[in-house]
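Undergrad: Right, I'll just put the structure down here and ask away after.
The values are calculated or read from the model by the stated rules, or taken from the named source; none is laboratory data. Because the structure is predicted, anything quoted here is derived from the model rather than measured. Every residue, glycine as well, gets a Cβ built from its backbone with ideal geometry; the counts of neighbours run over all protein chains shown. Heads up: the accessible areas ignore ligands, DNA and RNA and are worked out on the full protein's heavy atoms, side chains in. Shrake-Rupley method; radii C 1.70, N 1.55, O 1.52, S 1.80 Å.
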Amino acid sequence: ERDGDNDVAMSDASAPGKSATANPPLDIDALVSELGMWPAWRFQEQADLYEWICALNAMDATLSYLMLTYPSLLLIAQSKRKSEEGGQNAGSTHAESLLDVNSVPESVTKSICTILRFLSNLLRNATNKAVFNSVEELSDLLGAANDEIASLALEVLSNLACPPMLHRQQA
């Protein structure tokens with residue numbers, strides 16, 4: 001969780017010890033549809049990520065849910081999270097064959113790409129990047145079976161690491 005208010009309705013799937021695939025944490029289709037309407041940054045001033053905490057929480061929860069629901073998205077097993085050290089990570093944690101890779105629905109791949117494109121644009125034009133809390137998820141997505149997802153994850157991490165564009169800061 002990030003600092004600040006969290007208006008994102010989280011299901012029991014995010015609670016420790018619960019199955020991550022039981023219920024999605026939010027309406028993924030609505031989130032992806034909304035983010036898809038903003039393929040490029042259209043604003044003159046930079047975004048303050050403190051004002052985006054609820055949206056960032058929703059995107060983080062969605063990425064986490066999709067990676068846990070479809071472990072075959074990844075060619076390399078996910079990094080072990082602090083909350084998962086109890087050993088609840090039973091079963092396959094990454095793709096082990098071409099059949100596993102092909103079992104991931106195209107809609108899931110498109111959803112992840114849409115979220116990553118939006119995050120890339122947001123972070124390219126943002127200040128207060130210290131509140132961004134999805135670095136582990138993005139690091140895991142670098143090992144995605146889909147080249148576009150891996151490339152977009154790298155782009156998001158790159159935009160997170162770059163300093164804000166000074167010419168766009170408010171006076």
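Undergrad: Quote the FRET efficiency, to the nearest 0.05, computed for SER79 versus ASP48 with a Förster distance R0 of 25 Å and r equal to the Cβ-Cβ distance.
TA: Once rounded, the FRET efficiency stands at 0.30.
Undergrad: Order THR127, THR62 by their accessible area, 1.4 angstrom probe, all chains in place, largest first. Working shown, then result.
TA: Numbers: THR127 35, THR62 0 Å².
Highest to lowest solvent-accessible surface, that is THR127, THR62.
Undergrad: Around ILE28, what is the net charge, scoring Lys/Arg as +1 and Asp/Glu as -1 over all other residues with Cβ under 13 Å from its Cβ?
TA: On the way: positive: LYS110; negative: ASP27, ASP29, GLU34, ASP60.
It works out to a net charge of -3.
Undergrad: SER111: net charge of surrounding residues, Cβ under 13 Å, Lys/Arg +1, Asp/Glu -1, itself excluded? It would help to have the intermediate numbers written out before the result.
TA: Details: positive: LYS110, ARG117; negative: ASP27, ASP29, GLU34, GLU106, GLU148.
For residues surrounding SER111, the net value is -3.
Undergrad: Which order do peptides 153-164, 63-74, 30-41 fall in by mean Cβ count within 10 Å, highest first?
TA: Working: 153-164: 16.4, 63-74: 20.9, 30-41: 14.1.
Top of the packing list down: 63-74, 153-164, 30-41.
Undergrad: A follow-up question, please. Please give the net charge around GLU148, taking every other residue with its beta carbon less than 15 angstrom from that of GLU148, where Lys and Arg add +1 and Asp and Glu add -1. Walk me through the numbers on the way to the answer.
TA: Working: positive: LYS110, ARG117; negative: GLU106, ASP147, GLU155.
In short, -1.
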